[in-house]
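Single-structure report; data block below.
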Amino acid sequence: MASYIPSYKKFWTGKHKAIEQVFGNWEESYSDFPKFLCALQKFNPGTIVECIDSTHLYGNYKGTMMIAMGVDGNNQILPLAFVIVENESYDSWNWFLSYIRIHVVKEHECIFLISDHHIGILKVVNQHGSSWYCLHYFINNFYDKFCNLELKGLAYRAGSQNQVRKLNSTMEKIRKLNPQARQWKESHPIDRWTLAHDGGRRYGLLTTNLSEIFNSVLKGARFLPIMACVQLTFYRLVHYFEMRRPLGYNARANGDAYTPHVLVK
């Protein structure tokens, strides 16, 4: 009995034909997408849609899904906003973060942004009068000025210490290596680059690990036509919140003053 191994191209074609049969084709998906967004707003009061980065999309049309998320009082992921753009750039990140400022952050001041080192994000953070702040960017500026890896490591350690005693000890080590380096750090508002003096606004977070975890929630949606991608993301978020809502209700009913995460600490 002869065996036959299809080519990669045939596998790829077959896969996309199957996706089209189940979810529709990519062209129709884009044309129908505005109708879906209107329905989403109508039947989900409070939903904000501004238009039609970061998780890469793998369908016929390339693009990037940008995600903004926070952390709730129980140290669980709190998705805030999504956008699909052509690519990651200064313009796309500036556009996305501007709407985060308008619709999510609103009147709140001193918002801490934890992100990767994408040049578009860093440029937004660096522009004059920016209301965002990023510890990674601060440390990178420090390194650009002093070009010393040991100092850079100490600077990051200083920023990540959540006890004033340990922060002061690390700053003393920086002073012994380079007094100007300590002076440079201390010339910037200390609540902007330290956990020890941030008033708890970073919730002890310094990395984007939680966003990487959340990407797994959206796994599979990225291969679909745009409307199916957004629908699946929406349904998974509904399930995500529905699983967690009873925890909050039960905690209130029990008169709990703190979340389990806080009690453990």
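Side notes on the structure shown:
- In this simple spin-label approximation, Ile5 and His108 carry label points 7 Å from Cα along the Cα→Cβ vector, and these lie 5.4 nm apart.
- In this Cβ point-charge picture (+1 for Lys and Arg, -1 for Asp and Glu), the chain has a dipole of about 780 debye about its Cα centre.
- Calculated FRET value between Ala18 and Asn87, using beta carbons and R₀ = 30 Å, to 0.05: 0.65
- Heavy-atom accessible surface of the stretch 77-191: percent carbon and sulfur, 1.4 Å: 51
- Annotation note: trypsin sites (Lys or Arg not before Pro) in the stretch 91-127 located in DSSP loop regions with a Cβ neighbour count of at most 16 within 10 Å are Lys106.
- Expressed as a fraction of 2.2 N^0.38 Å, the C-alpha radius of gyration for the chain is 1.24.
- The order of Asp144, Asp256, Asp32 by accessible area, most exposed first and with a 1.4 Å probe, is Asp144, Asp256, Asp32.
- Average accessible surface for the chain: 63 Å² per residue, computed with a 1.4 Å probe over protein heavy atoms with every protein chain in place.
- Which listed pairs, of Lys123/Lys176; Lys145/Lys173; Lys173/Lys265; Lys166/Lys265; Lys10/Lys35; Lys42/Lys106, have C-alpha distances above 26 Å, in listed order: Lys123/Lys176; Lys173/Lys265; Lys10/Lys35
The values are calculated or read from the model by the stated rules, or taken from the named source; none is laboratory data. Just so we're clear, the structure is a prediction, and the values are computed from it rather than from any experiment. Every residue, glycine among them, receives a Cβ derived from its backbone with ideal geometry; neighbour counts consider all protein chains shown. The protein model used for the area step is the full one, side chains on, heavy atoms only, and it has no ligands, DNA or RNA in it. Shrake-Rupley method; radii C 1.70, N 1.55, O 1.52, S 1.80 Å.
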